[in-house]
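Engineer: Structure below; questions to follow.
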Amino acid sequence: MSVGEAVIPHDGAQVIDGRAVAARVRAEVAEGVAEFAARHGRPPGLATVLVGEDPASAIYVAGKQKASAQVGIRGFDHRPSADISQDELAALVGELNANPEVSGMIVQLPLPSHLDGTYITGLVDAAKDVDGLTAVSAGLLSLGRPGLAPCTPVGVIELLRSVNAELEGAEVVVVGRSNLFGKPMAQLLLAENATVTVCHSRTRDLREVCLRADILIAAVGRAQMVKGDWVKPGAIVIDVGQTRGADGKILGDVDFEAARERAGAITPVPGGVGPMTIACLLRNTLSAARAQAGE
Ligand code: NAP
């Protein structure tokens, strides 16, 4: 799709099916995992470290382990108790760094308050940093050097590719500048030769800036903040936001019904960006295993 062209009158945007794109990525990973296992006599491995019993974290970790098993990645499921000391946890990360069967590692955040999450995640070997969140991974990404990039922005690039978005030279506006999403998203887009504007809570005239975007990416965490008339006709709109509404439903950052009247393509919430994150985590794990095997 060429972006930015006026598409009025308009039958409604193409809705980008993140579940279908994620299923394709998972199928490709499953194939790659089987080939890796045939070459090396063992599958890639993903270690998860869940400290304590935070119920939301337990659900996320279970989802990652289940998805890994489905594509043939071996799981290493570590669940130290909430009173583990910082030194003991650091030692566990060190063991997993040294274990050649562990290709990737995730320390699930947040950690209990007596532990320093930044310090602990910083101990993860960059070669195994499949969340792409350590300072080394962020540095490699910003230098344009090979490394592991964070899963959600990588998933967004994959969704844009799925609609053949022309990234080179495109005006892309990213709303949100977090280390987890907005900043790495901007770096990945720059690597694709897009012209990138990153907005945040102090941006003036946010609507005007958004209206310039051929590709508008919202990652704020404020339900339906991006209105339909912030969308340039024909733009591709990617909604990363996930906020739980009063009725328990997950809401995106974009007013979907209004935005789809003007957009060329748009992701729904749920079923857009969300499914891509775990799919890209699995792909990062396979990439890490290949790199460690010298491939
Ligand atoms: P975050 O760390 O809270 O960052 C939010 C960003 O939004 C900040 O840069 C903030 O600006 C900006 N912001 C806040 N209010 C704003 C306003 N009124 N106008 C413009 N910008 C504003 O959040 P995050 O971790 O990046 O996550 C953002 C959303 O994406 C959340 O809903 C999260 O659940 C979702 N998310 C989903 C996935 C997934 O689908 N798997 C993954 C990651 C995140 P300042 O920097 O100035 O404070």
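The values are calculated or read from the model by the stated rules, or taken from the named source; none is laboratory data. Quick caveat, the model's predicted, so the values are computed rather than measured. Positions of Cβ are generated from backbone atoms using ideal geometry, with glycine treated the same way; all protein chains shown enter the neighbour counts. These accessible areas exclude ligands, DNA and RNA; they are computed on the full protein's heavy atoms, side chains included. Shrake-Rupley method; radii C 1.70, N 1.55, O 1.52, S 1.80 Å.
Engineer: Of everything in the stretch 51-73, what is surrounded by 12 or more Cβ atoms within 10 Å (Cβ to Cβ), within 28 Å of residue 86 (Cβ to Cβ), more than 17 Å from the chain's Cα centre (by Cα) and touching a residue at least 12 places away in the same chain (Cβ under 8 Å)? Give them in sequence order.
Structural biologist: Within the stretch 51-73, 51, 52, 54 meet the criteria.
Engineer: While we're on this one: Take the residues in the stretch 228-247 that are in a loop (DSSP other than H, G, I, E, B) and farther than 17 Å from residue 266 by Cα, then tell me which one is nearest to the ligand (Cβ to nearest atom).
Structural biologist: 245
Engineer: Sticking with this one: Just a yes or no: is a residue in the stretch 219-227 near the ligand (Cβ under 10 Å from one of its atoms) and over 19 Å from residue 18 (Cβ atoms)?
Structural biologist: yes
Engineer: Do we find that residue 212 is closer than 30 Å to residue 107 by Cα, in contact (Cβ under 8 Å) with a residue 12 or more places away in the chain, open to solvent by 50 Å² or more (accessible area, probe 1.4 Å) and out of contact with any Pro (no Cβ under 9 Å at 6 or more places or on another chain) in this structure?
Structural biologist: When the stated conditions are applied, residue 212 does not pass them.
Conditions (1) closer than 26 Å to residue 30 by Cβ; (2) free of Cβ contacts under 8 Å to residues at least 60 places away in the same chain; (3) outside any helix (DSSP H, G or I), marked per residue:
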residue: 89; (1), (2), (3): no, yes, no
residue: 92; (1), (2), (3): no, yes, no
residue: 105; (1), (2), (3): yes, yes, yes
residue: 110; (1), (2), (3): no, yes, yes
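Engineer: Among the residues of the stretch 275-292 satisfying the criterion of being open to solvent by 40 Å² or more (accessible area, probe 1.4 Å) and not polar (S, T, N, Q), which is nearest to residue 30 (Cα to Cα)?
Structural biologist: 283
For every residue, the table says whether it meets (1) crowded, with 22+ Cβ neighbours inside 10 Å; (2) among the charged types (D, E, K, R).
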position	(1), (2)
112	no, no
118	no, no
124	yes, no
127	no, no
136	no, no
144	no, no
158	no, yes
173	yes, no
179	no, no
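Engineer: Quickly run through the stretch 192-204 and pick out the residues that are farther than 24 Å from residue 250 by Cβ, open to solvent by 70 Å² or more (accessible area, probe 1.4 Å) and within 11 Å of the ligand (Cβ to nearest atom).
Structural biologist: 202, 204
Engineer: Something else: Would you pick out the residues in the stretch 163-184 that are under 16 Å from residue 235 (Cβ atoms) and within 16 Å of the ligand (Cβ to nearest atom)?
Structural biologist: Passing the criteria: 172, 173, 174, 175.
Engineer: Then there's this: Name every residue in the stretch 220-270 that is closer than 16 Å to residue 209 by Cα, under 23 Å from the mean Cα position of the chain (by Cα) and either of a type in the set (S, T, N, Q) or open to solvent by 60 Å² or more (accessible area, probe 1.4 Å) (or both), in order of residue number.
Structural biologist: 220
Engineer: Another question, if that's okay. What's the number of the condition residue 250 fails, among (1) within 30 Å of residue 126 (Cα to Cα); (2) within 12 Å of the ligand (Cβ to nearest atom)?
Structural biologist: (1) is the only condition that residue 250 fails.
Engineer: Sticking with this one: Considering only residues that are touching a strand residue (DSSP E or B) at 6+ places or on another chain (Cβ under 7 Å), in a loop (DSSP other than H, G, I, E, B) and within 16 Å of the ligand (Cβ to nearest atom), look in the stretch 253-288 and name the one that is farthest from residue 68 (Cα to Cα).
Structural biologist: Per the stated criteria, the residue is 255.
Engineer: Give the residues of the stretch 5-56 that are within 16 Å of residue 75 (Cβ to Cβ) and of a type in the set (S, T, N, Q), sorted by residue number.
Structural biologist: 48
One line per residue, one yes/no per condition, for (1) more than 18 Å from residue 273 (Cβ to Cβ); (2) in a loop (DSSP other than H, G, I, E, B); (3) not aromatic (Phe, Trp, Tyr):
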site	(1), (2), (3)
157	no, no, yes
160	no, no, yes
167	no, yes, yes
172	no, no, yes
178	no, yes, yes
184	no, no, yes
187	no, no, yes
190	yes, no, yes
196	no, no, yes
